[in-house]
Amino acid sequence: MADHIMSTYNRLPVQFERGEGIWLWDSEHNQYLDALSGISVCGLGHAHPAVTQAIADQAGILVHTSNLYGIALQAQLADRLCELSGMERVFFSNSGAEANEAAIKIARLYGHGQGIDNPAIIVMDNSFHGRTLATLTATGNRKVQAGFEPLVQGFIRVAYNDLDAIRTVAENSNDVVAVLVEPIQGEGGINIPDDGYLEGIRRLCDDNHWLMMLDEIQTGMGRTGKWFAWQHGSAIPDVATLAKALGNGVPIGACLARGKAAEVMQPGTHGSTFGGNPLACRAAIAVLEVVEKEQLVPHAATLGKQLLTGFTIALAGLEGVTEIRGLGLMIGIELDRPCAELVGKAIEQGLLINVTAERVVRLLPPLITTEKQADMIIEQVCELIRDFLTG
Ligand SMILES: Cc1ncc(COP(=O)(O)O)c(C=O)c1O
């Protein structure tokens, strides 16, 4: 059926025709609970009426002009994102990888401005930053890189959650200009660093005149129970990247910057045809309004605690469960063995989950999930895991 689609994906044997809230329906009218949100994208669930209305309205007014001209909706969205984040300037892209490309270019321009000819960015083991050549080089997963050599120069890799490893690089290299890190590693297995890790990176960046760059593409937009995951602590980055949930499925990414990082891009240094067009910006403005109006950021925090407690109680003492961890609605249940087959088993039972880093069941339910629906997720997921481990 999909003979003409390039085979970049191992697709699951299901396709969806319709969605509403946390529910999806396939072509045979079977119903599924979506506990993955299109991998942290549909925070407001499917077909949220306010977002649907905004997209439909804007499609009837103006979809695209060009970044050759001013775009009022882009300026409005940038203002709001800066209010929420404390950042000062925003570049809009169409995806997460492109938002990170903008961050990488900012770091390099910043470095050249300091007289560093071969600027290097510190990146982490087990990270994920995208599939373009620069972002796959930044990504700490050989599977993502293999076959695409030569990789891009100018990245130095260290262990995640290890400030000493960054200190060692600081002592041995004069070319570093930035650190790029996920506040919680998503694809890497929902890896939550120790308290103080981001603050430690902030201090190292200040001491060495580096930019602190946070990839909030999976963690941002309320998912962890704060608008941005760094807001759980006191460190504020110089650069932060967003995408995924920003448009609730309408493709839009953003690279936010403040202070010295906000000033390095000049006319002609970067650009995008579609980036920040009126349709995408109108959708994202609607998303921000709904998240605020429906108080979904505190709701994500409360619901996350409910899920974490529920899983911890329900799976207590079950041999094979190594760790249950999460922040807000970003939850990982690590098993002692590879468990990718759980994804297909869940689909057979009308549930969408994901397995990442081979052994981590990853849940990223929509922010609009109710307490009752969260209980359904706990029950279904625990039953799956119990059957898998004991069956
Ligand atoms: C942390 C992180 N950064 C970057 C990306 C890449 O985003 P995109 O697929 O929109 O290019 C992802 C996607 O999963 C991600 O999780």
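Any chance the stretch 196-208 includes a residue that's acidic (Asp, Glu), in contact with a Pro (Cβ under 9 Å, 6 or more places away or on another chain) and surrounded by fewer than 24 Cβ atoms within 10 Å (Cβ to Cβ)? Within the stretch 196-208, not a single residue is acidic (Asp, Glu), in contact with a Pro (Cβ under 9 Å, 6 or more places away or on another chain) and surrounded by fewer than 24 Cβ atoms within 10 Å (Cβ to Cβ). Applying the condition of being under 17 Å from the mean Cα position of the chain (by Cα) and closer than 15 Å to Gln153 by Cα to the stretch 81-115 and asking which residue is farthest from the ligand (Cβ to nearest atom) yields Ile104. Scanning the stretch 52-84 for residues that are in a helix (DSSP H, G or I) and among the small types (Gly, Ala, Ser) turns up Ala54, Ala56, Ala59, Ala72, Ala75, Ala78.
So the check is Cβ under 8 Å with 6+ separation or different chains; which pairs have a first residue in the stretch 227-249 that's part of a helix (DSSP H, G or I) and modelled with pLDDT of 95 or more and a second one that's away from the ligand (no atom under 11 Å from the Cβ) and among the polar types (S, T, N, Q)? Here the result reads His232/Thr224; Ala245/Ser37, each pair linking the stretch 227-249 to a residue that is away from the ligand (no atom under 11 Å from the Cβ) and among the polar types (S, T, N, Q).
Can you find even one residue in the stretch 141-151 that is closer than 21 Å to Ala262 by Cα, in contact (Cβ under 8 Å) with a residue 12 or more places away in the chain and within 16 Å of the ligand (Cβ to nearest atom)? Checked against the condition, which is being closer than 21 Å to Ala262 by Cα, in contact (Cβ under 8 Å) with a residue 12 or more places away in the chain and within 16 Å of the ligand (Cβ to nearest atom), the stretch 141-151 yields no hits at all. Looking for something loosely packed, with under 13 Cβ neighbours inside 10 Å and either closer than 18 Å to Ala243 by Cβ or modelled with pLDDT of 95 or more (or both) - is there at least one such residue anywhere in the stretch 38-46? Within the stretch 38-46, not a single residue is loosely packed, with under 13 Cβ neighbours inside 10 Å and either closer than 18 Å to Ala243 by Cβ or modelled with pLDDT of 95 or more (or both).
The values are calculated or read from the model by the stated rules, or taken from the named source; none is laboratory data. As the structure is a prediction and not an experimental result, all values here were calculated from the model. Cβ atoms come from the backbone with ideal geometry, glycine included; neighbour counts cover every protein chain shown.
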